[in-house]
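Q: First, the structure itself, so that you have it in front of you.
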Amino acid sequence: MAGICCGVVGEGDTPAPLEPTTRPSRRRSLDILPLKYIADMAVPPSDGSRKRPKLDLRDRDNVVQNCDESTGHKVVKKEAKVEIHDNISETKNVTVADASEVEDSPKFGVTSVCGRRRDMEDSVSVRPSFTQGFHYFGVFDGHGCSHVATMCKERLHEIVNEEIDSARENLEWKLTMENGFARMDDEVNRRSQSNQTFTCRCELQTPHCDAVGSTAVVAIVTPDKLVVSNCGDSRAVLCRKGVAIPLSSDHKPDRPDELLRVQSKGGRVIYWDGPRVLGVLAMSRAIGDNYLKPYVISEPEVTVTERTEEDECLILASDGLWDVVSNETACGVVRMCLKAQKPPSPPGSPGSDVAADGSDRACSDASILLTKLALARHSSDNVSVVVVDLRRDQRQSSNSN
Amino acid sequence: MLLLQHQQTHIYIAPEIFFYYKFKLIIIMPSSLHFDRFNPITHAATTVAIANGVNCPKQPQAPPSSTAARRLVVPSLSSGRGIAAPDTVALHHAHVVDPNQCCSIVTQHINAPVSAVWAVVRRFDNPQGYKNFVRSCHVITGDGIRVGAVREVRVVSGLPAETSTERLEILDDERHVISFSMVGGDHRLRNYQSVTTLHANGNGTLVIESYVVDVPQGNTKEETCVFVDTIVRCNLQSLAQIAENRTNNCEHTAQHC
């Protein structure tokens, strides 16, 4: 795996090394992880205005972006092992409802790592064919503790499935997803009021967890549509013919419409190590966080995008990635991995790249590479990445076999 | 807001006496770092009139001179709650506030007896028993839990803080008073000191928590109070749920016996 990653990085028709950014840093020990990175496309200048880096909680300078030319094989190899383990543990949770559906499921890759934070509070949920012809991908970035993100991972797809079934005749995606998120939020808050146990520190300390929450970015892939529902500051990005198209908008407290909404409810946004609702929470929407209602709500923003032949991939990730990697850079990385992929072998033939659960080596490589890039750029958070292959010719090719 | 000026520069072992503007004598013992031990008052204090008003004291218009650099502030209780324990509020919740500081007070009524609430509040070694934002706590100095003990608190993720080093200033099991100050840590609350008192209120308990803290650079006094009040209020609401649940569980157990 590590060798393949290095090989993929090395290949490239027009290598353009990413310019290293030198910025003074007051970190005591500057842990530089050398990582060689070659992108097919240049980063557009508008990226600066769009990118809003997350401030360091300790009031330190922004993270240093440093990409050396040399590659530390030992470090890369070590990282690859850790990430492979995380990847395997995550994909084990995937349940394929029907074996015959595997061929129609999009190929995907998942990586979810603790990174430089002490605790792992991210969750990822992948449910191919979770309902007839629809595929579900979700990333949940918890804060305060992990159990809200864990509940979202285990329950939200079931709730959404029920909402879809009850609205089968005339399915309106915005209403369906809003109902699903509201029910998920109710379940979280109902559980925090009871004395049920969690498999986390809350069980040991205090059962009253009004101050725990999670982001939720969910993508439902249908044969002709991409439905993205977002609540919080995780993000979904579509790569279409080399162009990065954001399918979600981060719910930061200083986003003008979010700022107005919080203020209209009687709350306020205070700049305390960055803009925070009441100076406490760095996002304006989340599942849970009952103590900050009605300022922090669980209502998702829903986008419905028609699929086209030019669609290449879909990336869902937590802000551990997006705080240090731009949409365009992420799309470039994934595009490069997909391009390097060989044509798929016939099913069942020896050496097939397609895993039984629908995950794909190219997508896995892409998610691993994005995660390593985030860590190399000193992301200070958990990092969770889901890469979904949306190319149509793949399916046509597999159908013809 | 009731502002009292220091009349003497020396601090006696005996309770200090301050003059009210109408020359009424009031005995007040501020929570101060100067005192190593809590000195109980042997005589009941005269009733103190506590004016209702905003939680955050406004900065005096006059520029602070050397004599007015520090002032004694008794944060006001919200309307309707001042009746419960005005003497104790003035006694324990008077803070010495610098010009660059702010202070505030938060109250919470709990449907549980004082003994049940105090059993949770007094655990200086286990603040995560009711404080939502504490992930773990270790007492690093002090044999046993007594005045002078220092704990290292680790904060949960998502907050603008990582750790907090806190010293126990007051622990009075008779009068149900606990006080701690923040002496270090990775956060923006410098010179934070809080006092929590419990008061019988019918069959329930009135919890009063007041604090004083530096206003961080770049923020206003109002913003600082909004931030800290949110944390304190969340903790006290959690305390109410825990104490009430424990009381209910005890009652159920008693019925079964």
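The values are calculated or read from the model by the stated rules, or taken from the named source; none is laboratory data. Computed from a predicted model, the values in this text were never measured in an experiment. With ideal geometry, Cβ positions are generated from the backbone for all residues, glycine too; neighbour counts draw on all protein chains shown.
Q: For B:Arg81, are the conditions met, namely being modelled with pLDDT under 90, in a loop (DSSP other than H, G, I, E, B) and touching a strand residue (DSSP E or B) at 6+ places or on another chain (Cβ under 6 Å)? Break it down stepwise before answering.
A: Details: modelled with pLDDT under 90: yes; in a loop (DSSP other than H, G, I, E, B): yes; touching a strand residue (DSSP E or B) at 6+ places or on another chain (Cβ under 6 Å): yes.
Judged against the criteria, B:Arg81 is a match.
Q: Of the residues that sit in the range A:241-254 and are crowded, with 19+ Cβ neighbours inside 10 Å and among the charged types (D, E, K, R), which one is nearest to A:Ala216 (Cα to Cα)?
A: Selected residue: A:Asp250.
Q: Regarding A:Ala236, is this residue in a strand (DSSP E or B) and either crowded, with 18+ Cβ neighbours inside 10 Å or within 14 Å of another protein chain (Cβ to nearest Cβ) (or both)?
A: Numbers: in a strand (DSSP E or B): yes; either crowded, with 18+ Cβ neighbours inside 10 Å or within 14 Å of another protein chain (Cβ to nearest Cβ) (or both): yes.
In short, yes.
Q: Identify all residues within the range B:191-213 that are buried (at least 16 other Cβ atoms within 10 Å of the Cβ) and of a type outside the set (A, V, I, L, M, F, W, C); write none if there are none.
A: B:Tyr192, B:Gln193, B:Ser194, B:Thr196, B:Thr197, B:His199, B:Asn201, B:Gly204, B:Thr205, B:Glu209, B:Ser210, B:Tyr211 - these are the residues of the range B:191-213 that are buried (at least 16 other Cβ atoms within 10 Å of the Cβ) and of a type outside the set (A, V, I, L, M, F, W, C).
Q: Going through B:Cys225, B:Cys234 one at a time, which residue ends up being in contact with a helix residue (DSSP H, G or I) (Cβ under 6 Å, 6 or more places away or on another chain) and within 11 Å of chain A (Cβ to nearest Cβ)?
A: Exactly one residue qualifies, and that residue is B:Cys234.
Q: What tally of residues in the range B:156-170 results from selecting those that are facing chain A (nearest Cβ under 10 Å) and either in contact (Cβ under 8 Å) with a residue 24 or more places away in the chain or among the acidic types (Asp, Glu) (or both)?
A: 5
Q: To continue, here is another question. Give, as residue ranges, the strands (runs of 3 or more DSSP E) completely inside the range A:102-164 that count at least 2 residues that are among the small types (Gly, Ala, Ser) and farther than 16 Å from B:Gly158 by Cβ.
A: Because the criterion is at least 2 residues that are among the small types (Gly, Ala, Ser) and farther than 16 Å from B:Gly158 by Cβ, the strands (runs of 3 or more DSSP E) in the range A:102-164 that meet it are A:108-113, A:122-131.
Q: Could you grab me the full set of residues in the range B:152-165 that are in a strand (DSSP E or B) and closer than 29 Å to A:Ala149 by Cβ? Explain how you work it out, then say what you get.
A: At the first step, the residues of the range B:152-165 found to be in a strand (DSSP E or B) are B:152-155, B:163-165.
Across the range B:152-165, the qualifying residues are B:Glu152, B:Val153, B:Arg154, B:Val155, B:Thr163, B:Ser164.
Q: Still on this model: Would you say A:Gly320 is in a helix (DSSP H, G or I), within 13 Å of another protein chain (Cβ to nearest Cβ) and touching a strand residue (DSSP E or B) at 6+ places or on another chain (Cβ under 6 Å)?
A: It is true that A:Gly320 is in a helix (DSSP H, G or I), within 13 Å of another protein chain (Cβ to nearest Cβ) and touching a strand residue (DSSP E or B) at 6+ places or on another chain (Cβ under 6 Å).
Q: What is the residue count in the range A:284-294 for residues that are buried (at least 24 other Cβ atoms within 10 Å of the Cβ) and in a loop (DSSP other than H, G, I, E, B)?
A: 3
Q: Okay, next question. Taking A:Leu281 and the conditions (1) within 14 Å of chain B (Cβ to nearest Cβ); (2) surrounded by fewer than 22 Cβ atoms within 10 Å (Cβ to Cβ), which numbered condition does it fall short on, given that it satisfies the others?
A: For A:Leu281, the failing item is (2).
Q: Here are the criteria: (1) in a loop (DSSP other than H, G, I, E, B); (2) within 12 Å of chain B (Cβ to nearest Cβ); (3) not small (Gly, Ala, Ser). Tell me which single one A:Asp254 does not satisfy.
A: Of (1) in a loop (DSSP other than H, G, I, E, B); (2) within 12 Å of chain B (Cβ to nearest Cβ); (3) not small (Gly, Ala, Ser), only one is false for A:Asp254: (2).
Q: Is at least one residue of the range B:159-167 closer than 30 Å to B:Pro99 by Cβ, charged (D, E, K, R) and under 18 Å from the mean Cα position of the chain (by Cα)?
A: The answer is yes; a qualifying residue exists.
Q: Does B:Ser210 qualify as being away from chain A (no Cβ under 14 Å), in contact with a Cys (Cβ under 8 Å, 6 or more places away or on another chain) and at pLDDT 95 or above?
A: Against the criterion (away from chain A (no Cβ under 14 Å), in contact with a Cys (Cβ under 8 Å, 6 or more places away or on another chain) and at pLDDT 95 or above), B:Ser210 qualifies.
Q: Could you count how many residues in the range B:104-144 are at pLDDT 90 or above, away from chain A (no Cβ under 14 Å), assigned to a loop (DSSP other than H, G, I, E, B) and within 18 Å of B:Thr165 (Cα to Cα)?
A: Residues in the range B:104-144 being at pLDDT 90 or above, away from chain A (no Cβ under 14 Å), assigned to a loop (DSSP other than H, G, I, E, B) and within 18 Å of B:Thr165 (Cα to Cα): 2 in total.
Q: Something else: From the list B:Arg233, B:Arg246, exactly one residue is within 20 Å of B:Ser115 (Cα to Cα) and surrounded by fewer than 20 Cβ atoms within 10 Å (Cβ to Cβ). Which is it?
A: It is B:Arg246.
Q: Take A:Thr150 and decide whether it is over 22 Å from A:Ser367 (Cα atoms), away from chain B (no Cβ under 14 Å) and either among the β-branched types (Val, Ile, Thr) or touching a Pro at 6+ places or on another chain (Cβ under 7 Å) (or both).
A: Numbers: over 22 Å from A:Ser367 (Cα atoms): no; away from chain B (no Cβ under 14 Å): yes; either among the β-branched types (Val, Ile, Thr) or touching a Pro at 6+ places or on another chain (Cβ under 7 Å) (or both): yes.
Judged against the criteria, A:Thr150 is not a match.
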